[in-house]
Structure formats: structure tokens, C-alpha cells
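Heads up, the thing below is written out as C-alpha cells.
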Amino acid sequence: MPELAYVNGKYGPIEEAVVSIDDRGYQFGDGVYEVLYVFGGRLFLFDEHLVRLKMSLDGIAIRGVDMDEVRAVMIEMVARSGFDRAKLYYCVTRGVAPRNHPYPAGVKPSIHATIRPVTPPPSEEIAKGLRAVTIADFRWGRCDLKTLNLLGNVLAKQQALDSGFDEAIFYGPDGVVREATAANAFAVDGGVVYTYPLGPHILPGITRDLVMKLGREIGVPIREEGLTLDKFRRADEVFLTGTTAELIAITQLDGETVGSGGTGPVTTRLRAAYDQYVESFLASA
Ligand code: PDD
């Protein structure tokens, strides 16, 4: 089964999918998106992603998107692809119009989606964790909206890779650690898990939310409270959450070993709870 694309009502091979050069997503980053995982041929945390997509659409005033249709297209993509484990990318832009900054009148939103298979990372890779570098946040002021404006994230990620790290973690002008380039960030200090509070500076991650719920269920104290760089660097454990990152330890931060250098005990417990949640999702089919 080939990787599949969807463009405004048409399904087909990705290589054949085309969008207009006048699409505002292309010209202005004027659009929003979601990335969902498919496990066992079913969309994981589906309703949560739909709710956030609607929030992002409302957040940038893209109107006229029928959420029932969005749901139906996503289900159809999964069914047509036949993929068991996959990544679905779904994006809505303000539409196609001659380039001009104001919202164009009477233009329908444009919808593009792709689905591609995913291979689960080997457990040694998960256990090894990632090396991260901290970077001053230079992104725009509405990081709570999942918009196509990802240049800041892209530049930071590349800067990390170019300097021999795997990931970049942003901190604000107040020196408080916010999130990574495509994942939310957590630190464990004295058995308590800390993560930056919801607001304009971070994406309200769906995996973040799930991990917080799972943590509470298994008795891990979690506080939505940002930590300064200094405290973050001295934390016992640091980890990231995200649809594609799932839950992974940061074992080196700015060249220094975090805690004991491996995946710490709290991160291990939370990852086990996450894996168990995925298992029960698979079993609930
Ligand atoms: N990104 N923070 C940022 C900046 C993100 O881009 C993402 C996800 C997250 C985690 O959110 P969630 O748990 O809902 O996936 C946090 C996706 C995976 C991406 O852009 O590819």
C-alpha cells in the first residue's frame, strides 16, 4: 500500500499530490495542522486532536471547516492506507488567493493531508535518550496554536543538530524553560515532576496531557510550574513528550549529564504507564 495524500477532496499517491502556489499556507504559513499517530489501524487520541484542531482554527479565525468531514477524511486516510502503525499529517490553510495580507473574501479553506508508516523505535534507542541544548525562545507569541509557522522550531532544531545535539529546548526571556522544538519538556526534582504551564508560550500537548493524567493515576506528583534553566539543568531527570517523541529521556543537557545519565526511575515509570495505555488502546479494538 503506498503512502497516501489527500488534497481538497481527492485521495492519491503523495508524489502526485499538488497544491497551488497561491495557497496562503505556502505564502504566509497561514494555516494550522495536526499530527496524529495510528496504532493498530486506529487513530490514537483522536477526539483530543480534533478538539485541538478546532481550537487552532478558531484561534486564527479560519471558518467554514466541517469537523465531521475532517473526522471522516482522517478515518478514510487510515482505511485506504491500510497502515497498522502510521503518522497522519492533516493541515488546513486559509485557502488560495492572489498574495495579499488581508484575509481574502469568499475563499474556502484548503485541506492537505498525508499518511506514512512508522516503525517503532528500538527499546535501546528509547533507553539511551537524547542530548539536548537550550536555546533562547525566538518564536512568535502564540505557540499555543498549532500553526504552520514553524520556522523558529526548524531553525532551533537544525542549530541543535549542527552542534552535535539531538534536540533543542527553548527558554523564555525570564530564563524559564518552556518546551522543545516538537515536544513538551518535563523535569523531575526530588520526586516531583515539573512542566511549563499552559499559555501562549507552549503547545498544549496532547501527550503532555495524557502523561500528566497517567502520572496522577500512578501517584507521581506533577506540577504545572516552569523551572529556571539553572534548576532544569540540575534536575534529577528530564524528559520530553509528544505524538512522535512519545516519552523520551533527555540524558544530556548543554553537554552535562542529567542525573545518573540514563532514563531515570520516574521517567521509566511514566514511560511504562504510557506504553500500557497504548497497549490497552490496541486491546480495545
Ligand atoms: N509536534 N510542542 C511543540 C512545539 C510541538 O510541535 C509538539 C508536537 C508538541 C507535542 O504535542 P503533542 O503531544 O500534541 O504531539 C509540543 C508535532 C508532533 C509535529 O509538529 O510534528
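The values are calculated or read from the model by the stated rules, or taken from the named source; none is laboratory data. Just so we're clear, the structure is a prediction, and the values are computed from it rather than from any experiment. Note: ideal-geometry Cβ built from the backbone for every residue, glycine included; neighbour counts use all protein chains shown. To get the accessible areas, we keep the full protein, side chains included, count just its heavy atoms, and leave off ligands, DNA and RNA. Shrake-Rupley method; radii C 1.70, N 1.55, O 1.52, S 1.80 Å.
From the phi angles alone, apply the Karplus equation (6.51, -1.76, 1.60; θ = phi - 60°) to segment 107-112 and give each ³J(HN,Hα) in whole Hz, x where the residue is Gly or Pro.
For segment 107-112, the Karplus-derived couplings read 9, 7, x, 10, 10, 10 Hz, x marking Gly and Pro.
Given a 1.4 angstrom probe, what's the average accessible area per residue across segment 237-285, in square angstrom? If you can, show how the numbers build up before the last one.
Working: 2080 Å² over 49 residues.
Per-residue value: 43 Å².
For segment 1-90, build the charge dipole from Cβ charges (+1 Lys, Arg; -1 Asp, Glu) around the Cα centre, then report which of 88, 40, 17 sits farthest towards its positive end.
Result: 40, furthest along the dipole toward the positive end.
Going toward the positive end of the dipole of segment 105-261, with +1 on Lys and Arg Cβ and -1 on Asp and Glu Cβ, which of 227, 120, 258 do you reach last?
With unit charges placed on the Cβ atoms, the residue in question is 120.
Under the rule of -39500 (n - 2.57) per DSSP H run of 4 or more residues, summed and divided by the residues of the chain, what mean residue ellipticity at 222 nm is obtained, to the nearest 500 deg cm²/dmol?
Values: 8 runs with 88 residues, N = 285.
My calculation for the chain gives -9500 deg cm²/dmol from helical runs alone.
First obtain the Kirkwood hydrodynamic radius of segment 12-149 from its Cα pairs, then insert it into the Stokes-Einstein equation at 10 °C and 1.306 mPa s, and state the resulting D in µm² per second as a whole number. Walk me through the numbers on the way to the answer.
Numbers: Rh = 16.8 Å.
So the translational diffusion coefficient is about 95 µm²/s.
Is there a quick way to get the dipole size of segment 1-151? I mean about its Cα centre, with the Cβ of Lys and Arg at +1 and of Asp and Glu at -1; what is the value in debye to the nearest 20?
Numbers: 19 positive and 19 negative charges, 51 e Å.
Once rounded to the nearest 20, the dipole reads 240 debye.
³J(HN,Hα) across segment 227-232 via Karplus (A = 6.51, B = -1.76, C = 1.60, θ = phi - 60°), whole Hz, x for Gly/Pro?
Each residue of segment 227-232 in turn: 10, 5, 3, 4, 5, 4 Hz.
What is the extension gain from residue 174 to residue 80, computed as 0.36 nm multiplied by their sequence separation minus the C-alpha to C-alpha distance, in nm to one decimal? Spell out each step's value before the answer.
On the way: separation 94, 0.36 × 94 = 33.84 nm, distance 4.78 nm.
My answer for the length gained is 29.1 nm.
How far is helix 206-217 tilted, in degrees, relative to the longest principal axis of the Cα atoms in the chain, given as a value from 0 to 90 rounded to the nearest 10?
The angle comes out at about 40 degrees.
Past the 32 Å Cα-Cα mark, which pairs from 10/128; 54/128; 146/213; 10/213; 108/213? Display every interim value, and only then the final one.
Working: 10/128 42 Å; 54/128 36 Å; 146/213 22 Å; 10/213 38 Å; 108/213 38 Å.
Listed pairs above 32 Å: 10/128; 54/128; 10/213; 108/213.
Which percent of the accessible area of segment 235-285 is formed by carbon and sulfur heavy atoms (probe 1.4 angstrom)? Please list the in-between numbers first.
Details: 1080 of 2160 Å².
Heavy-atom surface of segment 235-285 belonging to carbon and sulfur, 1.4 Å probe: 50 percent.
Would you kindly derive the ³J(HN,Hα) couplings of segment 39-50 from the backbone phi angles with the Karplus curve 6.51 cos²θ - 1.76 cosθ + 1.60 (θ = phi - 60°), listing them in order in whole Hz, with x for Gly and Pro?
10, x, x, 10, 6, 7, 6, 4, 4, 4, 5, 5
Taking amide H positions as placed in the peptide plane 1.01 Å from N, state which residues far from residue 253 in sequence (5 or more) or on other chains have amide H under 5 Å from it.
Placed amide hydrogens put 132, 258 under 5 Å from residue 253.
List the residues, sorted by chain then number, that are 5 or more residues from residue 170 or on another chain and whose placed amide H is less than 5 Å from its amide H.
For residue 170, whose amide H was placed from the backbone, the distant partners under 5 Å are 135, 178, 179, 180.
How high is the FRET efficiency from residue 22 to residue 150, r the C-beta distance, R0 22 Å, rounded to 0.05?
Working: r = 21 Å, r/R0 = 0.94.
E(calc), rounded to 0.05, equals 0.60.
Return an integer: the convex hull volume of the alpha-carbon atoms of the chain, in Å³ per residue. Before the final figure, lay out the partial values.
Values: hull volume 38.5 nm³, N = 285.
That works out to 135 Å³ per residue.
Within the accessible area of segment 58-156, what % is carbon and sulfur when the probe is 1.4 Å and the other protein chains stay in place? Spell out each step's value before the answer.
Details: 3030 of 5420 Å².
Taking all protein chains in place, segment 58-156 shows 56 percent carbon and sulfur surface.
If you stretched the chain out fully between residue 158 and residue 213, how much longer would it get, using 0.36 nm times the residue separation minus the C-alpha to C-alpha distance? Don't skip to the answer; put the middle values down first.
Working: separation 55, 0.36 × 55 = 19.80 nm, distance 3.21 nm.
So the extension gain works out to 16.6 nm.
Report, in debye and to the nearest 20, how large the dipole of the chain comes out about its Cα centre when Lys and Arg carry +1 and Asp and Glu carry -1 on their Cβ.
Values: 30 positive and 37 negative charges, 88 e Å.
Roughly 420 debye for the chain.
Taking only protein heavy atoms and a 1.4 Å probe, what accessible area per residue, in Å², does segment 1-148 have with all protein chains in place? Write out the running numbers ahead of the final one.
Numbers: 7630 Å² over 148 residues.
I get 52 Å² per residue for this part.
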